[in-house]
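What follows is a set of notes on a single structure, which appears directly below.
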Amino acid sequence: MNWNVLLDFSPLADNSDKLLSAFWATIRISVTVGILSLVIGTLITAMRVSPIRVLRVAGAFYVNTLRNTPLTLVLLFCSLGLSDTLKFRISGTPSINFFWLAVFGMSVYTAAFVAESLRAGINTVPMGQAEAARAIGLTFTQSLRMVIMPQAFRSVIAPLGSVMIAMIKNTTVVLVASYYEAASLMKDMFEQYGATLPIFIGFAVGFMCLTLPTGFFFNWLAKRMAVVR
Amino acid sequence: MTDSGKESREAGVNGGGPLVVLENVNKFYGEHHVLRDIDLTIHRGEVVVVIGPSGGGKSTLCRTINRLEPIDGGTIRIDGKPLPEEGKALAQLRADVGMVFQSFNLFAHKTILQNVTLGPIKVRKMDKTEAEQRAMELLERVGIASQAEKYPAQLSGGQQQRAAIARALAMRPKVMLFDEPTSALDPEMVKEVLDVMINLAAEGMTMVVVTHEMGFARASANKVVFMADGQIVEENTPGEFFTNARSDRAKDFLSKILTH
């Protein structure tokens, strides 16, 4: 057995600049998807609790479709379907084009999970809060925005943290959408140096550096923002 | 003080004109007929106390007036205008009708001051400084100005209910609805809330009060409405009602709550 290869961390050190830029790509896509999925997820949740039936049905259809479709399929459709077949190009530069297609695919997918968490959060807000909001003359949208959603968000910050951690790890799938990030580099390094334990550990630790603080941050925020009843 | 307020209001009631008019109102919860052919007129400046056994439809009646409960038949008019179905017009109308709930329902994520200013700023489009100044005056009036920066959960039940009254008053409502405002309170806090309500009545506010507080009914009401089984069984002055109720149903109810 070749113990040298198993314990040799030099490939990581030799490629430190590539490692940094690959993880930077992971961070960029994670942050963009995080923001977009929160926005889309909030809109979908608003649709699901709206008094208009068509919106409720559309919202439920969205969540059930996206939540039950493998992410790989969504991303392949975005890269091959939208970009190659339908010629839907966000930018002429391939790297920018694939970045936004990957962001789009991951955001619509993650939004379904954000929406489910938020809907659970809305269920924790007592009926009386909505009644009081309506009683002072707030419209449906106003009471959702100013009274219901802020409380719903606060009660699901910790579960949203889990959604975000899953999302960060899911960015490794975007290599099927031709966006180059940490997992793509790991695959290339495996091909170049062989699939060694040190390379694997290096990348696993790299991801933990992103996900562990995310978890701590959301847990801290959940405690800080908790609504006392 | 209170009595003179009540008398002057009684004198004014005739000239006050009808403010809230319910005609032939019916409501069902599935098979259950919760409101049966309700006819009720509340005049400007009048204080109407609704009493009766649990499940008799008192709270439902109160909640239909600002359409928190939609009705299945009849009409409700406020200041001459029928209640709008939904949307912006209904929101506008609700802004004119103050509501105080049994469980306070203060916005849990906002401070007391923010609770009171939210409606004036977002619905009345009042300037923030002006809204805060007015909110502080109202909080002063209900005796909790020192709690303005706290969150609802940090206050006692009595303080929360007084904040809820201030929140409703901040909209300058034409009429105030009280849905069992003291039922969720510890006994020692009932008085502080009733005192605020008695003052409000003395100042001439039009009020509909669902309550079990007979003392308040005696002190402040112009009219007592006795409800049972979804019907208005009797409408009377408090003096007459408590000493010489016309209906047997009311006599039976009073004998159960007054003699112990």
Tally up the residues in the range A:123-137 that are outside any helix (DSSP H, G or I) and not aliphatic (A, V, I, L, M), please. 2
Looking only at residues in the range B:48-77 that are more than 16 Å from the chain's Cα centre (by Cα) and among the charged types (D, E, K, R), which one is least open to solvent (accessible area, probe 1.4 Å)? B:R77
Selected residue (criterion: nearest to A:Q151 (Cα to Cα)) from residues of the range B:133-188 that are of a type in the set (G, A, S), in contact with a Lys or Arg (Cβ under 9 Å, 6 or more places away or on another chain) and open to solvent by 10 Å² or more (accessible area, probe 1.4 Å): B:A153
Look at the range B:214-237 and say how many of its residues are open to solvent by 10 Å² or more (accessible area, probe 1.4 Å), touching a residue at least 24 places away in the same chain (Cβ under 8 Å) and either in contact with a helix residue (DSSP H, G or I) (Cβ under 6 Å, 6 or more places away or on another chain) or not charged (D, E, K, R) (or both). 7
Restricting to the range B:46-80, what's the tally of residues that are within 14 Å of chain A (Cβ to nearest Cβ), assigned to a loop (DSSP other than H, G, I, E, B) and farther than 14 Å from B:V34 by Cα? 4
Condition (residue is in contact with a Cys (Cβ under 9 Å, 6 or more places away or on another chain) and within 25 Å of B:H212 (Cα to Cα)) applied to the range B:169-177: is it met by at least one residue? yes
Going through the range A:60-109 one residue at a time, which ones are polar (S, T, N, Q), at pLDDT 90 or above and open to solvent by 10 Å² or more (accessible area, probe 1.4 Å)? A:N64, A:T65, A:N68, A:T69, A:T72
Test each condition in (1) open to solvent by 50 Å² or more (accessible area, probe 1.4 Å); (2) within 14 Å of chain A (Cβ to nearest Cβ); (3) touching a residue at least 40 places away in the same chain (Cβ under 8 Å) for B:D96 and report the one that comes out false. (1)
Residue ID - least open to solvent (accessible area, probe 1.4 Å), chosen from residues in the range B:120-132 that are out of contact with any Gly (no Cβ under 6 Å at 6 or more places or on another chain) and within 12 Å of chain A (Cβ to nearest Cβ): B:P120
Please find, among A:T32, A:T45, the residue that is buried (at least 19 other Cβ atoms within 10 Å of the Cβ) and either hydrophobic (A, V, I, L, M, F, W, C) or at pLDDT 95 or above (or both). A:T45
Candidate set: the range A:113-136, residues that are within 19 Å of the chain's Cα centre (by Cα) and crowded, with 24+ Cβ neighbours inside 10 Å; chosen: the one nearest to B:H109 (Cα to Cα): A:L118
One residue is enough: does the range A:159-182 have a residue meeting the conditions surrounded by fewer than 24 Cβ atoms within 10 Å (Cβ to Cβ), touching a Ser or Thr at 6+ places or on another chain (Cβ under 8 Å) and within 14 Å of another protein chain (Cβ to nearest Cβ)? no
Within the range A:188-229, how many residues are farther than 13 Å from A:P11 by Cα and in a helix (DSSP H, G or I)? 22
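The values are calculated or read from the model by the stated rules, or taken from the named source; none is laboratory data. Remember, predicted model here, so these are calculated numbers, not experimental data. Note that each Cβ is placed from the backbone with ideal geometry, even for glycine, and that neighbours are counted across all protein chains shown. Heads up: the accessible areas ignore ligands, DNA and RNA and are worked out on the full protein's heavy atoms, side chains in. Shrake-Rupley method; radii C 1.70, N 1.55, O 1.52, S 1.80 Å.
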